[in-house]
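The values are calculated or read from the model by the stated rules, or taken from the named source; none is laboratory data. The shown structure was predicted, so the numbers you read here are calculated from the model rather than taken from an experiment. Backbone-built Cβ (ideal geometry, glycine too); neighbour counts: all protein chains shown. Please note that ligands, DNA and RNA were not included when accessible areas were found on the heavy atoms of the full protein model with its side chains. Shrake-Rupley method; radii C 1.70, N 1.55, O 1.52, S 1.80 Å.
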Amino acid sequence: MATSKRCNVSSENLTVNDVKTPKIDINSKVDLIIQSKKHANDVFDVLEYLQSEKEKNVVCAINGCTKLFSTLLERGDLYVGQLPKEELLIGGDRSADEKYCMFIRHRYNGCLELLLEHISHESYQIKESALCALMQFASMEGKFPLQDLDWSEHYSFPRELIQAVVERLLSQEEDMAVLISRFQEYLDMVDVRYYVMSSVRENVGRVMDKTKGAVMPIYQNNVFTLLSNINMPSQESELTNYLVKQEGRPAEHKRAFERLWLGFLKYKLPSSMYKKVLVILHDSILPHISNPTVMIDFLTAAYDVGGAISLLALNGLFVLIHQHNLDYPDFYKKLYSLLEPSVFHVKYRARFFHLANLFLSSTHLPVYLVAAFAKRLSRLALTAPPAALLMVLPFICNLIRRHPACRVLIHQPSAADEACDDPYLMEEEDPSQCHALESSLWELQTLQKHYHPDVAKAAMAINKPLSQQEDDISELLELSTYELMERDLKHKQSKTVPLEFDPATQLLQGSVGVLGLNFSLE
């Protein structure tokens, strides 16, 4: 119920000569209400400050209300049970104490409504204060329930209050990321986390069904921000932190977590969000899902988005293949299709080759597949920037080291002595049909004449027998053109570079005379 505007307490009513500032006024009224029931009507003045236009007044009022209603809750001054409408309190045969408790309970409900509205306030300080006050009231309601508990209930948790807070945090019009990060403190509590997960799942289902699954960037970003702040415990011994003390139920928490994510990911997401989800999928989501293979539909849909999202989707599929025995025969075919010229120029290049190196690390891959990757990378290397080449060339050499049968690409008899047509089909999407094993890595020999000396030196590695030990490319993954230039500029020459065999004599004699003449004229 909205608060009654019995009087208008605002900063405009306080003159310069007034002794009581809003903060002092609020605190004095709160103390009076706590001390005596005859001052109960002063609660209207305190609640009026909650609607002030001045930030400081609102924050002081929030603190005052937190102290007031926490004390009254602990003292048992709020009506417990189904609260009658306030209009019915005038008559009836209820005692004065009972009417007082009902009156305070209505004021408490009005305070909660105002605090929930303030979660969407333009001032972050008011947002944060309101959120903390609501969670304080949730804690107090857990200790001093306002509802009659059923005999089967082992504890009381303010589900409705938490649900209302979650609904405000999951705004459809405003980015609530900063406030949600503040809310993470409470998500570390087992019971809060459990009921937040249940509330989010219900909210997502209701909102997305209402919009028929249409993409809602602001709302879905708020949901993802809240979900990504939920850290599931891996062991029952970690279930120790509670807002309201109760027995931990890890199995129920795991089911709630799984249903929450599956309910969120079944709807179409904004393109930018697929990447955010996929980055945390294998570490923060899959380990807590009983049957991770249910994510196959989401990963397949994410792959169809293209670009970096496709790569990250393959990362999730790779985890399912190796850790959960998922049969996905097109995995390497899809990875092969991602090798495009743009892969050397995008910001996710380092992650791409880190994962590609992981995917191709098995020595049990068929030779034709490894040869196809080596050949395609070699062809793409012809137009790659130097910084990328210094990483790609060792990458190709590592592939050949793992699979000695691919050495035929370096020592192809027909390509060594005479020019011939390359049988490799660059446009073929199927690595088994591209005829890579029939070709050679002539591109690497071409790169031995590259204008950058480091690239030419790296390409010459194939002229010698490759060592058994693989090259470490981890430090080269993040190498940029700027870093490459800086490294060359800082490089100290071991010896002086000869500029001319015969020393120049009288080369600038004519110029010196001219300069001297000009100088004397001036």
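Just give me the residues in the stretch 75-108 being β-branched (Val, Ile, Thr) and within 45 Å of the chain's Cα centre (by Cα), in sequence order.
Our first condition is that a residue be β-branched (Val, Ile, Thr); within the stretch 75-108, this holds for 80, 90, 104.
The answer is Val80, Ile104.
Working carefully through the options Ser171, Ser199, find the one that is small (Gly, Ala, Ser) and crowded, with 18+ Cβ neighbours inside 10 Å. Give the steps one after another, and end with the answer.
Details: Ser171 fails: crowded, with 18+ Cβ neighbours inside 10 Å.
Answer to the selection: Ser199.
Against the condition open to solvent by 10 Å² or more (accessible area, probe 1.4 Å) and outside the structural domain of Asn222 (by the TED database), how does Gln125 come out, does it pass? Even if it seems obvious, please write down each step before you answer.
Numbers: open to solvent by 10 Å² or more (accessible area, probe 1.4 Å): yes; outside the structural domain of Asn222 (by the TED database): yes.
It is true that Gln125 is open to solvent by 10 Å² or more (accessible area, probe 1.4 Å) and outside the structural domain of Asn222 (by the TED database).
Can you tell me which condition Leu314 does not meet? The list is (1) assigned to a helix (DSSP H, G or I); (2) open to solvent by less than 40 Å² (accessible area, probe 1.4 Å); (3) under 20 Å from Thr225 (Cβ atoms), and all the others hold.
Of everything listed in (1) assigned to a helix (DSSP H, G or I); (2) open to solvent by less than 40 Å² (accessible area, probe 1.4 Å); (3) under 20 Å from Thr225 (Cβ atoms), Leu314 misses just condition (3).
Inside the stretch 26-64, can you point out the residues that are over 41 Å from the mean Cα position of the chain (by Cα) and small (Gly, Ala, Ser)?
Answer for the stretch 26-64, where residues must be over 41 Å from the mean Cα position of the chain (by Cα) and small (Gly, Ala, Ser): Ser28, Ser36, Ala40.
For residues that are open to solvent by 60 Å² or more (accessible area, probe 1.4 Å) and either outside any helix (DSSP H, G or I) or in contact (Cβ under 8 Å) with a residue 24 or more places away in the chain (or both), tally how many sit in the stretch 324-360.
Kept after step one, since they are open to solvent by 60 Å² or more (accessible area, probe 1.4 Å), are these residues of the stretch 324-360: 324-325, 327, 329-330, 333, 340-342, 345, 347, 351, 354, 358.
Of the ones still in play, those that are also either outside any helix (DSSP H, G or I) or in contact (Cβ under 8 Å) with a residue 24 or more places away in the chain (or both) are 324-325, 327, 329-330, 333, 340-341, 345, 347, 351, 354, 358.
Matching residues across the stretch 324-360 total 13.
Filter the stretch 178-196 down to the residues that are aromatic (Phe, Trp, Tyr) and open to solvent by less than 30 Å² (accessible area, probe 1.4 Å), then identify the one that is farthest from Leu131 (Cα to Cα). Give the derivation first.
Start the filter on the stretch 178-196 by keeping residues that are aromatic (Phe, Trp, Tyr), which leaves 183, 186, 194-195.
Those still in the list that are open to solvent by less than 30 Å² (accessible area, probe 1.4 Å) too: 183, 186, 195.
Working: Phe183: 8, Tyr186: 10, Tyr195: 16 Å.
Of everything passing the filter in the stretch 178-196, Tyr195 is farthest from Leu131 (Cα to Cα).
Among the residues of the stretch 268-311, how many are open to solvent by 30 Å² or more (accessible area, probe 1.4 Å), in a loop (DSSP other than H, G, I, E, B) and under 25 Å from Ala214 (Cβ atoms)?
Qualifying residue count, the stretch 268-311: 3.
Yes/no matrix, rows are residues, columns are (1) within 17 Å of the chain's Cα centre (by Cα); (2) under 16 Å from Trp261 (Cβ atoms); (3) modelled with pLDDT under 95:
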site: Glu167; (1), (2), (3): no, no, no
site: Ser171; (1), (2), (3): no, no, no
site: Ile180; (1), (2), (3): yes, no, no
site: Gln184; (1), (2), (3): yes, no, yes
site: Lys212; (1), (2), (3): no, no, yes
site: Ile218; (1), (2), (3): yes, no, no
site: Phe224; (1), (2), (3): yes, yes, no
